[in-house]
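Colleague: Before I ask anything, here is the structure I am working with.
The values are calculated or read from the model by the stated rules, or taken from the named source; none is laboratory data. As the structure is a computational prediction, the values presented were derived from the model and not from experiment. Cβ placement follows ideal geometry from the backbone for every residue including glycine, while neighbour counts extend to all protein chains displayed.
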Amino acid sequence: MIEVLSKYIPERAVEQAFSLIKEHQVHLKIVSQRVTRHGDYRKLPNGMHMITVNAGPNPYRFLITLIHEIAHLVAFKRFGRLIKPHGVEWKQTFQQLMLPFIRPEIFPQQLLPVIAHHFRNPKASSDTDAKLSIALKRFDPANDKNYIFEIPFGSMFRIHNGKIFQRGNKRVKRYECVELSSGRVYLFSPNAEVELLPN
């Protein structure tokens with residue numbers, strides 16, 4: 001397991017992460033990239049704790065996702081299964097488990113303040129924290145995608161499932177975008193990654 005972890009997370013985090021996996025008897029499964037989620041936790045009918053995390057080239061996102069899912073397991077063990085999945089108990093557990101990893105030996109200097117800010121009140125997904133999502137993207141391989149907030153008003157773009165939208169106005173935190181085929185308006189997070197189409 002140590003050998004596997006060292007392919008996906010920062011080297012100085014491997015032993016610590018392995019200790020958590022061993023302590024909580026986690027069956028870790030690394031799966032191909034999913035668009036809708038970075039990872040998940042399930043307690044199987046046989047009592048085994050299964051965590052899946054998307055394989056990916058960004059070691060910092062992988063580490064945050066792994067600890068996020070272990071926090072679900074630990075919170076359910078401590079507080080029972082009736083707690084909200086991303087409620088107060090999970091947030092506190094995630095903060096406690098993540099704190100030992102938030103140091104310069106593990107995360108680059110430019111990521112540390114953004115991560116420290118995120119963990120004052122962790123969100124259900126790193127993607128819903130636009131600042132963290134954008135900071136983490138700097139450590140992804142280059143791609144041809146743009147964030148919604150980067151593309152001009154009125155531009156056409158395509159999302160992962162092939163649907164085409166036109167960017168509209170910003171409404172508080174999200175952007176109104178019209179699906180061209182149906183005329184329906186959808187709200188997009190500013191850090192949603194999309195493919196800009198030529199107008």
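Colleague: When you scan the range 96-103, do you find a residue that is under 19 Å from Arg138 (Cα atoms) and in contact with a Ser or Thr (Cβ under 8 Å, 6 or more places away or on another chain), even just one?
Modeller: Within the range 96-103 (the criterion being under 19 Å from Arg138 (Cα atoms) and in contact with a Ser or Thr (Cβ under 8 Å, 6 or more places away or on another chain)), the answer is no, since none of the residues qualifies.
Colleague: Picking from Leu28, Leu5, which residue would you name as being buried (at least 18 other Cβ atoms within 10 Å of the Cβ) and outside any helix (DSSP H, G or I)?
Modeller: Unique residue meeting the criteria: Leu28.
Colleague: A further question follows. Let me spell it out: the conditions are (1) outside any helix (DSSP H, G or I); (2) aromatic (Phe, Trp, Tyr); (3) in contact with a strand residue (DSSP E or B) (Cβ under 9 Å, 6 or more places away or on another chain), and Phe139 meets all of them except one. Which number is the exception?
Modeller: Among (1) outside any helix (DSSP H, G or I); (2) aromatic (Phe, Trp, Tyr); (3) in contact with a strand residue (DSSP E or B) (Cβ under 9 Å, 6 or more places away or on another chain), Phe139 violates only (3).
Colleague: Which of the following residues is among the charged types (D, E, K, R), out of contact with any Gly (no Cβ under 9 Å at 6 or more places or on another chain) and surrounded by fewer than 16 Cβ atoms within 10 Å (Cβ to Cβ): Arg61, Arg78?
Modeller: Among Arg61, Arg78, only Arg78 is among the charged types (D, E, K, R), out of contact with any Gly (no Cβ under 9 Å at 6 or more places or on another chain) and surrounded by fewer than 16 Cβ atoms within 10 Å (Cβ to Cβ).
Colleague: Working only within the range 53-96, note down all residues that are in contact (Cβ under 8 Å) with a residue 40 or more places away in the chain and of a type in the set (Phe, Trp, Tyr).
Modeller: Result: Tyr60, Phe62.
Colleague: On to the next question. Is it true that some residue in the range 29-37 is assigned by TED's automatic domain parsing to the domain that holds Ala124 and in contact (Cβ under 8 Å) with a residue 40 or more places away in the chain?
Modeller: yes
Colleague: Arg61: charged (D, E, K, R) and under 27 Å from Phe139 (Cβ atoms), yes or no?
Modeller: Yes.
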